[in-house]
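Written below as structure tokens is the structure these notes are about.
Readers should treat all values here as calculations from the given coordinates under stated rules, not as data from a laboratory. Keep in mind that what you see is a predicted model, and the values were worked out from it rather than measured. Cβ placement follows ideal geometry from the backbone for every residue including glycine, while neighbour counts extend to all protein chains displayed.
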Amino acid sequence: MSTTTPSTQTCRSAVLPTLDPDMLRSFVAIAETGSMTKAARIVFRTPAAISMQVKKLEEVLQRKLLERMSRSIALTPDGELLLRYSRQLLKLNEELVSQFLCPRLNGKVTLGMPEQYGTHELPAILSQFAKSHPSVQVDVVLGKSIEIKQRFENGEIDLALVSHNLHVTPDTILKTVRLEKLVWAVNKNSNVIHQSSLPLALAEHGCPWRTLALEALDEAGIDYRIAYSSENCTGQLAAVMADLAVAAVPESLVKPPLKKLGHTNRLPEIGNAQTSLMLNSSASEVTLALKDFILQVLDPRDMKAEPSESENESQGCIRDTLEHLKI
């Protein structure tokens with residue numbers, strides 16, 4: 001006697017939906033980190049985007065997959081089952097793609113970018129690229145945008161992410177790939193905003209952030225003094241954390257114990273931090289492969305303002321800082 005239930009017979013005869021590997025990848029990242037924020041960094045999506053992916057998975061599978069705790073996320077029994085299959089499917093997908101792509105591509109590419117991007121986004125990019133292109137060597141150069149641009153023009157760098165406005169040679173492809181709001185950052189318990197002359201922590205001359213910040217203050221007629229200068233944003237943020245100054249930085253860098261200031265503090269709007277991708281029109285195959293990979297995993301459809309941490313928790317989405325690239 002057959003033990004197949006009517007529901008199983010119906011399921012076998014129906015055309016079942018196909019699960020998107022990107023959704024499974026996000027789900028695995030959530031399961032492994034226990035956090036929407038951390039998972040979003042791994043898969044280069046916003047927490048809002050991967051929360052929608054989980055919702056879609058739950059709709060397709062008609063099962064609840066996650067339990068949201070006060071400070072973390074746990075899997076339901078059905079979520080545990082999906083995690084096991086997801087890992088197997090993703091591993092098989094990597095093996096399949098590698099059989100077609102990896103043997104045909106080998107060589108070396110030098111990637112240059114500002115320090116703030118190398119710290120937050122580079123590790124995951126390199127990790128994922130290495131899995132699909134194990135024969136390609138990626139050398140990384142971190143530094144100021146103006147230095148990265150100069151080394152690119154000298155032929156020392158093949159692919160570069162830079163802050164600009166910058167002038168380029170005719171054979172250089174320069175494409176804006178990120179537009180992020182610049183904000184005033186201060187220690188959350190700070191009193192420096194009340195000083196008669198506003199103390200600033202700025203990047204060195206030539207940085208677009210510095211130029212935009214000073215232009216905004218001059219136009220608003222606000223008295224200021226440059227208290228600290230640094231080659232990179234780490235130095236700026238260190239001065240702000242020590243409650244020694246205010247800094248103009250991209251909004252994504254403002255994390256506790258820092259906070260951003262607004263019109264209620266009588267500070268002007270600064271503008272946007274613009275980031276561009278640079279490569280030569282005669283770029284090599286491995287350079288184009290890395291470029292395509294970066295632009296594939298960093299999707300501009302996720303470039304939008306994120307709600308606050310508390311708002312995200314109530315909605316099942318935790319705020320994140322990443323925005324994404326694509327030409």
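What share of all Cα pairs of region 180-273, in percent, falls into each consecutive 5 Å distance bin?
Histogramming region 180-273 at 5 Å steps yields 3, 16, 29, 31, 18, 4, 0 percent.
So which lysines pass the test for residue 188, namely a Cα distance under 17 Å, with those fewer than 8 places away in the same chain ruled out?
List returned: 255, 259, 260.
Cross-link candidates for residue 149: which lysines have Cα within less than 16 Å, leaving aside residues fewer than 8 places away along the same chain?
Filter leaves 175.
Give me the one-decimal nm value for the distance between modelled label points at residue 176 and residue 55, 7 Å along each residue's Cα-to-Cβ direction.
A separation of 3.0 nm, rounded to one decimal place.
Lysines near residue 131 by alpha-carbon distance under 26 Å, same-chain residues fewer than 8 away left out - which ones?
Candidates past the 8-residue exclusion: 38, 91, 108, 291, 326.
Could you calculate the contour length gain from residue 215 to residue 70, that is, 0.36 nm times the residue separation minus the distance between their Cα atoms, to one decimal place in nm?
Taking 0.36 nm per residue and subtracting the Cα distance, the gain is 47.9 nm.
Of all DSSP beta bridges in region 180-273, what percent run antiparallel (nearest 5)?
Looking only at bridges with both residues in region 180-273, the antiparallel portion is about 60 percent.
For residue 84 and residue 197, FRET efficiency with R0 = 51 Å and r from the beta-carbon atoms, rounded to 0.05?
It comes out at approximately 0.25.
Which FRET efficiency value, to the nearest 0.05, is calculated for residue 93 and residue 140 with the Förster distance at 25 angstrom and r the Cβ-Cβ distance?
0.40
What does the net charge come to around residue 79 if you take all other residues with beta carbon closer than 9 Å to its beta carbon, with K and R at +1 and D and E at -1?
-1
Whole angstrom only: what separates the Cα centroid of region 39-73 from the Cα centroid of region 103-159?
So the two Cα centres are separated by 30 Å.
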